[in-house]
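The values are calculated or read from the model by the stated rules, or taken from the named source; none is laboratory data. Since this is a predicted model, take the numbers as computed values, not measurements. When the accessible area is computed, the model is the full protein with side chains, heavy atoms only, and any ligands, DNA or RNA have been set aside. Shrake-Rupley method; radii C 1.70, N 1.55, O 1.52, S 1.80 Å.
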Amino acid sequence: MSRILGIDPGQRRIGLAIAEAGLGIASPLTTLPRGSSIVDDAAAIARVCRDRNVVELVIGLPLHAGGDEGSMAAAARAWGEEIGTLTGLPVTMRDERLTSYAAEQRLGPMPRGRSGGPPTRSQRNAYRARVDREAASIILQDELDARRATSSVTDARAGSR
């Protein structure tokens, strides 16, 4: 079965989520470290795509709160286009506003360290990686829900003719 890969690109990590193309339920998959170049990022993503029969990429687009694009969105759009070119897969950009916040709300607070102290570096890194995967899942689910809503409206219009 073909799948869609959701991607939350960050400065240090790339969160990934996956969904069956026909089912429309996104699940967190894994977190990749950012490579030293976009070619490295694309190679890592392409490996996941080959292993999982991915046919499309949905990449988070960091818009400003008002919905306009700034320099981060432009960089994400350029990164996404290059990833699409290098992997040979179609790319859809999806608004990612507040996805990291929503992911943190789903996961709950960062675990405390030993004896209730501050979390260790490895605990912080593991938590941030989980947030990135969860954010990718939210991005992908938002896209799938939007497609389902558009499909329902199209089907309703066709049925009323």
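Below, the figures for the structure above:
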item	result
Cα pair count fraction exceeding 18 Å, expressed as % - the range 44-135	59
Using alpha-carbon coordinates, inclination of helix 38-52 to the longest axis of the chain, degrees	70
Residue-level accessible surface for M1, protein heavy atoms, 1.4 Å, Å²	140
Of I14, I138, I38, the one that fluctuates the most in a GNM where the chain has Cα springs shorter than 10 Å	I38
By accessible area with a 1.4 Å probe, ligands and nucleic acids excluded, highest first: order of I18, I7, I25	I25, I18, I7
The range 9-58 - convex hull of alpha carbons, volume per residue in Å³	75
Solvent accessible area, Å² - T30, 1.4 Å probe, full protein context	50
Over the chain: Rg over Rh, Cα atoms, Kirkwood Rh	1.02
The chain, relative contact order [Cα under 8 Å, separation at least 6], %	30
Compactness relative to 2.2 N^0.38 Å, alpha carbon Rg of the range 1-89	1.07
Isotropically averaged projected area of the range 42-90, using the convex hull of Cα atoms (one quarter of hull area), nm²	3.6
Length gained when the stretch L86-A43 is fully extended (0.36 nm per residue, less Cα-Cα span)	14.7 nm
Degrees, to the nearest 10: 71-87 long Cα axis against longest axis of the chain	70
C-alpha center-to-center spacing [the range 1-67, the range 105-135] in angstrom	21
The range 37-95 - percent relative contact order, Cα under 8 Å, separation 6 or more	46
Accessible surface of the range 52-161 [probe 1.4 Å, protein heavy atoms]: carbon and sulfur percent	51
Accessible surface, per residue, of the range 30-161 when the full set of protein chains is kept, probe 1.4 Å, Å²	59
